Amino acid sequence: MKCRTLTSISFLLLTALLAIVLTGCPFAPTPLLVVDKTSVTVPENATGTFQLKLSSVPTSYVTVNVARLSGDSDITVQSGASLTFTPANWSLNQTVTLTAAHDADSTNGTATLQCSASGLESVDLTATEADDDTSSAEGETSTNPVLVTFPDPALDAAIRTAIGIPSGPIHNTDLVGKGFTSLDASYEGISNLAGIEYCTDLTHLDLLGNQISDISGLSELTGLTELFLYNNQISDISGLLGLTGLTGLVLQSNQISDISGLLGLTGNDLA
């Protein structure tokens with residue numbers, strides 16, 4: 001009887017050990033998210049990285065999501081927004097790559113990034129943009145060339161044609177002081193105006209028949225006197241508030257319901 005009892009106990013212990021091996025120990029500590037740094041510097045128009053792993057073996061697959069929680073919207077997750085850790089790779093660092101889009105200011109923007117996974121404590125870190133625009137002394141204008149990119153290929157092609165630079169980098173010094181005062185980019189399929197804020201010598205801009213919805217970048221073009229935006233997808237015209245020199249403006253065939261963006265415009269040909 002004693003031998004049979006010992007055999008039964010041994011069988012139960014063996015079964016329990018096998019269950020632990022197959023499913024993970026039920027008393028194992030909950031893993032923590034471990035980052036190799038709590039702050040990351042991201043050069044403008046370039047990338048910065050940090051690494052992430054778990055503190056202990058998980059009982060099942062863990063999906064970690066990385067996203068901007070708040071702060072500068074120029075800073076985004078380029079790769080590594082979703083990482084999977086398993087009982088086999090939990091201790092191996094995985095890389096998250098951040099990028100900072102080019103902007104027109106010289107401020108080093110910051111953003112808070114959050115790493116999160118279901119059932120685990122989230123981890124936040126700070127990303128700081130290293131701006132590539134050099135601040136000038138008070139009352140002076142910076143003479144350091146700034147690289148300008150136009151993410152929309154159709155806009156990029158139209159501007160290259162207008163300024164006579166078919167390929168290679170474009171700098172802000174190529175766009176101002178060179179007689180680039182007029183741009184006709186109508187019916188080109190343009191949807192993104194990013195970069196046009198550097199074309200500050202423009203007085204005439206024709207963007208008829210495109211797919212543009214965001215015109216906030218036009219607010220920097222205070223020298224504009226004629227602007228044609230007929231037949232786009234525009235609903236917010238607040239970007240026009242500062243363009244007080246406009247004497248010709250065409251906005252028909254858009255999705256505009258609030259015309260407060262036209263306040264202060266005194267031109268005689270606004271439609």
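The values are calculated or read from the model by the stated rules, or taken from the named source; none is laboratory data. Being a predicted model, the structure only gives us computed values, none of them experimental. Because the Cβ atoms are built from the backbone with ideal geometry, glycine has one as well, and the counts that use them run over all protein chains shown.
Is it fair to say THR222 is in a loop (DSSP other than H, G, I, E, B) and closer than 25 Å to SER106 by Cβ? When the stated conditions are applied, THR222 passes them.
Report those strands (runs of 3 or more DSSP E) wholly inside segment 81-122 carrying at least 3 residues which are under 30 Å from ILE170 (Cβ atoms). Once the strands (runs of 3 or more DSSP E) in segment 81-122 are filtered for at least 3 residues that are under 30 Å from ILE170 (Cβ atoms), what remains is 94-100. Take THR173 and tell me if it is within 22 Å of THR107 (Cβ to Cβ), in contact (Cβ under 8 Å) with a residue 60 or more places away in the chain and of a type in the set (Val, Ile, Thr). Here the answer is no, as THR173 does not meet what is asked. Annotation: of all residues in segment 34-70 being of a type in the set (S, T, N, Q) and under 23 Å from ASN108 (Cα atoms), the one that is surrounded by the most Cβ atoms within 10 Å (Cβ to Cβ) is ASN45. State yes or no: is ASP174 in contact with a helix residue (DSSP H, G or I) (Cβ under 9 Å, 6 or more places away or on another chain) and either surrounded by 13 or more Cβ atoms within 10 Å (Cβ to Cβ) or farther than 15 Å from LEU207 by Cα (or both)? So ASP174 passes the test.
Within segment 123-154, the residues that satisfy the criterion of being exposed (fewer than 15 other Cβ atoms within 10 Å of the Cβ), part of a loop (DSSP other than H, G, I, E, B) and at pLDDT below 90 are THR134, SER135, SER136, ALA137, GLU138, GLY139, GLU140, THR141, SER142, THR143, ASN144, PRO145. Does ALA194 fit the bill of being under 21 Å from ALA104 (Cα atoms), crowded, with 17+ Cβ neighbours inside 10 Å and modelled with pLDDT under 95? For ALA194, the condition - under 21 Å from ALA104 (Cα atoms), crowded, with 17+ Cβ neighbours inside 10 Å and modelled with pLDDT under 95 - is met.
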